[in-house]
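Q: Quick one: the structure is below, and I'll ask about it shortly.
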Amino acid sequence: MTLAARLKREFVSGWKPFEVVWLALFIIAQIWAYVQTPDSWLAMISGISGILCVVLVSKGKISNYFFGLIFAYTYFYVAWGSNFLGEMNTVLYVYLPSQFIGYFMWKANMQNSDGGESVIAKALTVKGWMTLIVVTTVGTLLFCSSITSCWW
C-alpha cells in the first residue's frame, strides 16, 4: 500500500460530517484566540496539535501519537517560557512517556474497521463506573484531609 493511500485511510476514513465541522470549529477557535491575544506561534501550534491529538484518540486513530508528541514538546517549551514548573513536570513525566508507551500498546491492539486501522474503544460497565466514583471520592477526601486548607 502506498504512503498516500495509508494517509488517506488514516485521516479520511470513518469521519462523519458533524465531526469534521466540530473539529474545524475548535481549530478556528484556537486560531481566533491567538489572533485576539497573541502569545507565540509555538503556543498556537501546541493548542492545535493538542486538539487534533484528543480528537484522533476519540476516533481510535494511531496518528494521535504524532500530534500528541508535537503537543507535548511544544507545550513543554511554552510552559518553560512561562515558568510553569508543574506543567513542565506533567509534560516531561506523564505526557511524553505516555506517547511512546501508548503507541506500542495501541499498535498491538489494532483492528480493521471502516476501511482503516483503529482501536475499538470499550465502555465502562456500571460496576466500573461505581468503582471509579468511589475511588475518586475517597482519593479526593484523603488528599483534602492531608492539606491544611480543607473546606470542612
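Q: Go through the residues of the range 29-38 one by one and say whether even a single one is closer than 20 Å to Leu56 by Cβ, assigned by TED's automatic domain parsing to the domain that holds Met88 and aromatic (Phe, Trp, Tyr).
A: Among the residues of the range 29-38, not one is closer than 20 Å to Leu56 by Cβ, assigned by TED's automatic domain parsing to the domain that holds Met88 and aromatic (Phe, Trp, Tyr), which makes the answer no.
Q: OK, next. Determine the pairs where a residue that is closer than 16 Å to Ile101 by Cα, located within the range 62-81, has a partner that is of a type in the set (Lys, Arg) and assigned to a helix (DSSP H, G or I) with Cβ atoms under 7 Å apart, the partner being 6 or more residues away or on another chain.
A: What qualifies is Ile62/Lys107.
Q: Looking at (1) without any contact (Cβ under 8 Å) to a residue 40 or more places away in the chain; (2) among the aliphatic types (A, V, I, L, M); (3) surrounded by fewer than 18 Cβ atoms within 10 Å (Cβ to Cβ), which is the only condition Val57 fails?
A: (3)
Q: Would you mention how many residues in the range 30-46 are of a type in the set (Gly, Ala, Ser) and under 17 Å from the mean Cα position of the chain (by Cα)?
A: 2
Q: So, one more: Please tell me if Gly47 is in contact (Cβ under 8 Å) with a residue 12 or more places away in the chain, surrounded by 11 or more Cβ atoms within 10 Å (Cβ to Cβ) and on the phi > 0 side of the Ramachandran plot. Steps first, please.
A: Details: in contact (Cβ under 8 Å) with a residue 12 or more places away in the chain: yes; surrounded by 11 or more Cβ atoms within 10 Å (Cβ to Cβ): yes; on the phi > 0 side of the Ramachandran plot: no.
No; evaluated as a whole, the condition is false for this residue.
Q: Tally up the residues in the range 58-90 that are of a type in the set (Gly, Ala, Ser) and outside any helix (DSSP H, G or I), please.
A: 3
Q: Working carefully through the options Gly47, Gly68, find the one that is farther than 16 Å from Glu10 by Cβ and not polar (S, T, N, Q).
A: Gly47
Q: Still on this structure: Residues being among the hydroxyl-bearing types (Ser, Thr, Tyr) and over 13 Å from Tyr75 (Cβ atoms): count how many of those fall in the range 26-58. Write out each step before concluding.
A: Taking the range 26-58 and keeping what is among the hydroxyl-bearing types (Ser, Thr, Tyr), we get 34, 37, 40, 46, 49, 58.
With over 13 Å from Tyr75 (Cβ atoms) added as a condition, the list becomes 34, 37, 58.
So the answer is 3.
Q: Oh, and also: Name the residue, out of Ser82, Ser58, that is of a type in the set (Ser, Thr, Tyr) and either within 30 Å of Gln111 (Cβ to Cβ) or modelled with pLDDT of 95 or more (or both).
A: Ser58 is the lone residue from the list that is of a type in the set (Ser, Thr, Tyr) and either within 30 Å of Gln111 (Cβ to Cβ) or modelled with pLDDT of 95 or more (or both).
The values are calculated or read from the model by the stated rules, or taken from the named source; none is laboratory data. Values in this document were obtained by computation on a predicted structure and should not be read as measured data. Cβ: placed from backbone, ideal geometry, glycine included. Neighbour counts: every protein chain shown.
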